[in-house]
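The values are calculated or read from the model by the stated rules, or taken from the named source; none is laboratory data. Because the structure is predicted, anything quoted here is derived from the model rather than measured. Don't worry about glycine lacking a Cβ; one is built from the backbone with ideal geometry, like all the others, and counts go over all protein chains shown.
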Amino acid sequence: MWKNWKLTALVLALVTALTFTLAGCGGKSGGDAGQSGEQTQEKKFRVAYVISGNLGDKSFFDSGMAGMERVEKELGAEIKVIQSVNSADWEPNLEAAAQDGYDVVVVAASQMHDALTNVAPKYPDVKFVYIDDVVEGDNIASITFAQNEGSFLAGALAAMMTTRTELPGINEEKIIGWVGGADIAVLRDFLTGYEQGAKYIDPEVKVLYSFAGSFNDPAKGKELTLAQYNQGADIVMNVASGTGVGILEAAKDAGKYAIGVDSDQDGIYPGHILTSMLKRVDNAVFNQVKLAKEGQWKAGHFEYGLQNGGVGLTDMKVMGDKIPQEVRQKLAEITEKIAKGEIKVEHYANYKVGQ
């Protein structure tokens, strides 16, 4: 009986050991399969938006952000926004995005030229999309816009509307205005097109202009705009990003008119914004990231103008019939002539496209 009990115990021990051995083999096999599955899982496509200002300007940066939101929604990418008005932060912010392994880093705007020049060569595997200026490099797509063409249309509209005294707030004087942020070449290019467009309609139109010295000072924008109204202007174009919030507010407070910029700003103060000159930063951002995700992205310089839908005016539906049909028709004619090259829009002398 003792022997039978010992034999039974030995058999049970052997069965138990064999069970644990088989279980261990099975667990190891499952672990390998799981690890293999993780390795074959597709890597998340990641895009950073590094800007030389803050979101909320209802203009340039927000237009770029609209493109980033499309990138997230339509391309399924993971996105990150890094923003700062402090120039000392710009290079470290770019460096951080590149070090974090983002597939594409969208850089806006022209003030970040030196920062991008220093950072991009150190990260050859990162694709940089640079908005509003040109930096050459094997991993940089520089995007510029024919803002002079869009501004030509804005100036033509302002010149046609500045003597239509049937509209409340419009006086008989042939004076229009323009307020920009920093005095830099790209904004001077806006101004050049605006003046040329106004003079195309009426050589006698006078164009007042001022620079706020900042893209983040709405109070200064408002002050400069009110000063131009006091000098006889009844329409002022905003080209000032966050500073432009004050320009638009001045139009409302003074019972005058403004022209928005970059994004569709027509509805911010309905009835006081004739139109907005659209600079389709959103389209450029989305298109460049889409090319990168699909493996078709190329470095180089690319311009977006009237011919390829990069700039233009809004449909002015907020103003409705306050913009006469003959004015709209004239703008359509001018748009077609610019697109066909029949009207040559000038650039600011120191604005070098592609250089």
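The single condition from (1) part of a helix (DSSP H, G or I); (2) crowded, with 19+ Cβ neighbours inside 10 Å; (3) hydrophobic (A, V, I, L, M, F, W, C) that residue 141 fails is (1). Any residue in the range 272-284 that is farther than 30 Å from residue 340 by Cβ and in the same structural domain as residue 164 (by TED's automatic domain parsing)? There is at least one residue in the range 272-284 that is farther than 30 Å from residue 340 by Cβ and in the same structural domain as residue 164 (by TED's automatic domain parsing). The residue that is nearest to residue 67 (Cα to Cα), among those in the range 246-263 that are modelled with pLDDT of 95 or more and assigned to a loop (DSSP other than H, G, I, E, B), is 256. Contact map, the range 53-69: first residue assigned by TED's automatic domain parsing to the domain that holds residue 263, second residue crowded, with 21+ Cβ neighbours inside 10 Å, Cβ cut-off under 6 Å, separation 6 or more or different chains; the map is empty.
Checked against (1) under 19 Å from the mean Cα position of the chain (by Cα); (2) without any contact (Cβ under 8 Å) to a residue 40 or more places away in the chain; (3) in the same structural domain as residue 173 (by TED's automatic domain parsing), residue 291 passes all but condition (3). Scan the range 269-288 for residues that are over 18 Å from the mean Cα position of the chain (by Cα) and either buried (at least 21 other Cβ atoms within 10 Å of the Cβ) or at pLDDT below 95 (or both) and the total you get is 4.
Just a yes or no: is a residue in the range 108-123 within 20 Å of the chain's Cα centre (by Cα) and in a loop (DSSP other than H, G, I, E, B)? Yes, there is a match, as at least one residue in the range 108-123 is within 20 Å of the chain's Cα centre (by Cα) and in a loop (DSSP other than H, G, I, E, B).
Residues in the range 91-100 include at least one that is modelled with pLDDT of 90 or more, part of a loop (DSSP other than H, G, I, E, B) and out of contact with any Asp or Glu (no Cβ under 8 Å at 6 or more places or on another chain).
Has the range 326-340 got at least one residue that is among the small types (Gly, Ala, Ser), over 25 Å from residue 60 (Cα atoms) and free of Cβ contacts under 8 Å to residues at least 12 places away in the same chain? Checking the range 326-340: not a single residue is among the small types (Gly, Ala, Ser), over 25 Å from residue 60 (Cα atoms) and free of Cβ contacts under 8 Å to residues at least 12 places away in the same chain.
The rows are residues; the columns are (1) in contact with a Cys (Cβ under 7 Å, 6 or more places away or on another chain); (2) under 22 Å from residue 163 (Cβ atoms); (3) at pLDDT below 95; (4) not in a loop (DSSP other than H, G, I, E, B).
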| site | (1), (2), (3), (4) |
| --- | --- |
| 303 | no, no, yes, yes |
| 316 | no, yes, no, no |
| 327 | no, yes, no, yes |
| 344 | no, no, no, no |
| 349 | no, no, yes, no |
| 355 | no, no, yes, no |
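It is to be established whether one or more residues within the range 232-245 are modelled with pLDDT of 95 or more, closer than 23 Å to residue 174 by Cα and surrounded by fewer than 22 Cβ atoms within 10 Å (Cβ to Cβ). Yes, the range 232-245 contains a residue that is modelled with pLDDT of 95 or more, closer than 23 Å to residue 174 by Cα and surrounded by fewer than 22 Cβ atoms within 10 Å (Cβ to Cβ).
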